[in-house]
Each structure stands twice: as C-alpha cells, then as structure tokens.
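Before any comments, here is the structure.
The values are calculated or read from the model by the stated rules, or taken from the named source; none is laboratory data. These numbers come from a predicted model, not from an experiment. Glycine also receives a Cβ, built like all others from the backbone with ideal geometry; neighbour counts cover every protein chain displayed.
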Amino acid sequence: MTTREASDYSVVNRYVENAKKAWYKFSRNKMSVVGLVVIVLIILSAVFARIVAPYPKHAGAFVNYAEANLPPGWHHLLGTDVFGRDILSRIIFAFRGALIMGVGVLVMVVPIGTVIGLIAGYMKGSLIETILMRITDIFLALPPLILALAVCAVMRPTLFNSMMAVCISWWPWYARLVYGMASSLRNEVYVRAAELIGESRFHIIFREILPNCLAPIFTKMMLDMGWVILTGASLSFVGLGEQPPTPALGTMVSDGAKYLPDYWWISIFPAIAIMIIVLAFNLLGDGVKDMLSTEE
Amino acid sequence: MGINLLKRIGLSIFVLFGLSILIFIISRVVPGDPARLALGPRAPEWAVQKLRQEMHLDKPLYTQYVLWLDGLVHGDLGRSLVTRRSVTTDIKEFLPATLEIVILSAIVLVFGGIFLGIISAKFTNSWLDGLIRVISYLGIVSPAFVWAIIFVLIFGYNIPIFPTMGRLSPGVVPPPMITGMYTVDSLITGNFGTFVDAFKHLVLPAIALAMGGMAQAARITRSSMLDNMGKDYIAAEKAYGIPEGLIFVKYLLKPSLIPTVSVASLDIAALFGNAFLVELIFNYPGFSRYGISAMLNKDLNAIAGVIMVLGVIFVTINIIIDFIVAYLDPRIGLAGR
C-alpha cells in the first residue's frame, strides 16, 4: 500500500520502520528470542555438521566396540552408543533430516492446502466447495500420525517417503484453516467491489483474498514446524523413516530404549534433542504470532 | 436436536465410506505384488497364484474394492498374513487392551487438565501457577514416547512402584474373556487381586499418553477462565451477591470448559495414534503394537482393518464431543458444524 509518489528514500525508511516495529513486537516476549536463537544454532550446526560435530565419521556405519556404551564424559560429551559412536555427533547429523522433514513437508503442504481452502471458501455453496471440503473431511477422519503411519507402511522406508506420508495427512489442516478465512472474507466490501468491476475469479481469489490470509497461514507454519518434525521422529521411532546407519532422532530413541536403564544416555539425549527442537519452534511460533497480530 | 443428530451421523457415514476408499487405495498402491510380498521371494509360483486368487488380486480393482467393502460391512476383514488368523479375531483380541489404556488416559487427560487449569487460574501468578505453566509447556512439546521412556526410567528402576512391562505380572492368571479388558473382566468375576495388578500395569502408559493433551487442556482452561473472569456478567453476579462458589462453578467454569472440550476431543482421538508408540516402550500387547507389526511386515489386510477401526472410533468420538459442546454452549448448533 505504498503511495506511488513516495520517493525511494521514504520507502526504504518505511521498511526499516516496519522491521523495527515487528522486532519490537517479537522480542517483547524474551522466550521468543530464546527460541529464535536456539533455532538459528540448530540450523547452523546442521548445515555445518561436518565441522561442528566432534566425530563426523560416527554419523554413518562406523563401529568401534572398544568405546561402546561409554557414559557421558570429556571425550564423548553425551556418551556413545552400542556401536561406540558418539551420540552428540549423531544428534547433530540427525538435525539435518529433521529440518529437511519440517521444511520439505511445509513447502509442499502449505500451497496445496491454501489453494484448496481458497477455492472452496470463495465458491461456498457450489458443488466444487462440497467436493473439496468433503474430501478434506475424509482425510481429517484419522489422526495425522495414524494416516502417516499407514501411508509409510506401504512404501519403502526412506526420508522422502516419510515426508510424503506426513504431507498426505497434513494438507487438510491448512485447507480447513484457509477455507474458514476465505469463506468469511468473500463477504468483505473489497471483494464485492472487485466482483462488481468484473475482476476474474483468479484475481479475486489470489490478489484480494489470499493476501489477507497470509498472516495466520504463516503463524501456523511456524508453529507446525515443530509438530511436523515430531511426527517425523515418531515415524522413525517405529522404524518407518530414515533407515540406519543414517542417524534419525526417533530411531536413536527407540534403539536406545532397549538398553534402559543401564545405558540411559543412548535414548535420553536424542529424546531431549527432540524436545528442544520442538520447544524452540513453538517459542518462535508464539513470537511470530505476537509479531503478526494486529493488536497493539 | 434429532434432525441435527441424523445429519451429523449421515455425514459421518459418508466420511467413513470415503475413508474406506482411501484405505483401500493405500493398501493397494504397494509397489510389488502383495501375494508375493506375503509369501516371501522363495515361495513357489503356484502358491502365489493361489493366494492371489484368495485375495481377489486377479480381479479388476473396483471388484476388489466391492468385495473388500462387502467383507467390511459383514465384519470380515480378511486374513492376517502374519498371524494367519482372521483380522477380525485379532482385532477383537488386541483392541480391548488398548481401549483400557486410552480410556484411562482420556480420564486423566480431561480431569487432570481441567483440574490443573482451575488451580492455575485460581492462583494466577503464584508459584503454583508458574510451576503448572512450565510443566504444561514441557508436556506439550514432549512426545508421548519420550514421557514413556522417562517414566520407565524413574518408576521402573529408581522408585519401582509401578510395573513397566506387559498387561499382568508373571504368574497372574488372566481373567476369563468377557469384554477383553482385564480390569473390567476381573471386577466382573470378582477377582480383586487381578484387578489391582492389571490396573497397576495401566497407570504409567496411560499417564505417559495423557501428558501432552493434559498440558494442552490445562493451558486452555486457564486462559479461558482468565478471559471470562474479567467479563461484565461475572461482576454483575458478584454485585447481586451470588455466592462465590456458585459463580465459580456455574457461571465461570461451565462456559470456560467449551474450548477445552473441543480441543480435548482432538487430543483424545490422537491418543490412539500415540498409543502406537507408547505400547512399544511398555511392551504392551495391544492393538497399536499389532498395528505396528502389521505395518512393518506389510500385512495389508491387517493394516486396512486396523486403520478402518481407528477411523470409526475417531469419527464416533468427534460426534460425541460435538454433542457435549452443544450441551455446554446452547448457542452452538450442530447444523453448522
């Protein structure tokens, strides 16, 4: 909504102003900042895992029985597993799969769910709405984890396939969220005005309605990152995700659970890693919610 | 109410019908031949052919679906390729065990969550409120299987007051099969010792399963109670001199529970999903563990059966919750949902 006459200078100024305001809203809650910092650290360590991890070789099929089941200590901060692999290194490498999972799923799911929700919402009362939303209802008739498990079960267990499985169970939630917003926004004056001057449906749906749905969609995305990662970890926990020797957080927890309580560190530290990553995305999501909310 | 109920049930039947198609498609897109998959690579070709005929794999896809649906309606889900028994028999055996956990867990979730939420709202910003809020946050972000592992570690080994394996202690004779739920069956037959033992085995898995939903329920109850406390009608009732206790229960608590109940329905349904993971840790021979072993072995009939049963349960829970919400908030009709 920038005025066309405004000079470049004032446009830049406005961006800086907006960014400052957004940061103020975001950082009012200190926990959001903590979440942001943790997420940045996790992303950096996952990207530079080869440099950051103390024993990068331990992320693969490495075996050293002489150092198996070592408790946390100076050489292995979080101990070693039954094959003598450094758990900290494996967690850092497992963050890669977790982040790919989270980003990959949302990148696929959000556009699909949004488009379906927008079309169904704008065409409320039509046959298309009925068909789209009833199909959505069918996918919502199962808890996401169960649907994902079922889809995963019939495919070969790989990271990509488990991502597809989560996608299949996740898009309906976006469809429903956007549907709810679109079906109320279609009665707004500016949508009626656009209809009156004969704008195309495409223009109305994507240029008039969509921009007003973006803030809630973005907020949900941030909050969902943690849940998607958690669902991915749950799939790998039962053995339907990334296969060994590639480290995955869920697999590490379930493998380690066999050695409780004597070698507790094998499963507890990956479990804590899952908690931290989910918690951090939740805190970040809360901050984004504060940032995008219109209330002062 | 009657017409709305019918509409709601009609829609649910439609959804379940759609779900049956979805599940059928999922169980048929498997790369490779399901019959060959079931018998293994070394089985002779004639045996594979025979099984293919038995499973109707030689017929066109829509015929297969009609046959499968026909069986489903008559309670025949085909034969499990792993247990070599009818899937229906397997489900009858394993489902009650999981129902026991999930029911207990749902009770803990709803009452525990509401109780913690009330305490938190009543003593806002006290240390107790702070503690409950921190635990709630941890509860929400930790998956049920992490709680299960923590519980096994603490209560199984450090403070061994609850068993962490299976449904009954070794040596305890299972009660005769009536409902299939050990706690209920042992009470019916008056075997109190077995009841206590079976119940003890349920405690840890049920609480581990409930943690996430309970935390969620506590947070929502707290915030909606705080919202409602500031409303004008509460102030008006205070001015009228209505006793604090009555205001609290009848005018504050009841409307505040509406969001809690709506969210709890989703959480309770999700218990079935997470039970899949928790049962693995507690080595609990339930429905979910049966489902997982079916999934890992690509036992298609069993997978389809398990998922379909869960779909029916999930949809039923949603109907029930809708009615509870409609009872709590007369403004919400069922028609628009």
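Miscellaneous remarks
- Scanning the stretch B:242-255 for residues that are of a type outside the set (A, V, I, L, M) and at pLDDT 85 or above gives a single hit, B:PRO243.
- When B:LEU22, B:LEU81 are checked against the criterion of being over 25 Å from A:PHE139 (Cα atoms) and in contact with a Leu (Cβ under 9 Å, 6 or more places away or on another chain), B:LEU81 stands alone in meeting it.
- Hits in the stretch B:220-243 (condition: within 19 Å of B:SER120 (Cβ to Cβ) and surrounded by 11 or more Cβ atoms within 10 Å (Cβ to Cβ)): B:ILE220, B:THR221, B:ARG222, B:SER223, B:SER224, B:MET225, B:LEU226, B:ASP227, B:ASN228, B:MET229, B:LYS231, B:ILE234
- Check on A:ALA193, free of Cβ contacts under 8 Å to residues at least 12 places away in the same chain and touching a Phe, Trp or Tyr at 6+ places or on another chain (Cβ under 8 Å): no
- Being within 14 Å of chain A (Cβ to nearest Cβ) and in contact with a Gly (Cβ under 8 Å, 6 or more places away or on another chain) is a description that does not apply to B:ALA148.
- Checklist (1) under 30 Å from A:PRO172 (Cβ atoms); (2) more than 13 Å from chain A (Cβ to nearest Cβ); (3) not hydrophobic (A, V, I, L, M, F, W, C) applied to B:ARG8, failing item: (2)
- Some residue of the stretch A:106-114 being hydroxyl-bearing (Ser, Thr, Tyr) and touching a residue at least 12 places away in the same chain (Cβ under 8 Å): yes
- Matching residues, the stretch A:158-195, being part of a loop (DSSP other than H, G, I, E, B) and crowded, with 19+ Cβ neighbours inside 10 Å: A:ARG186
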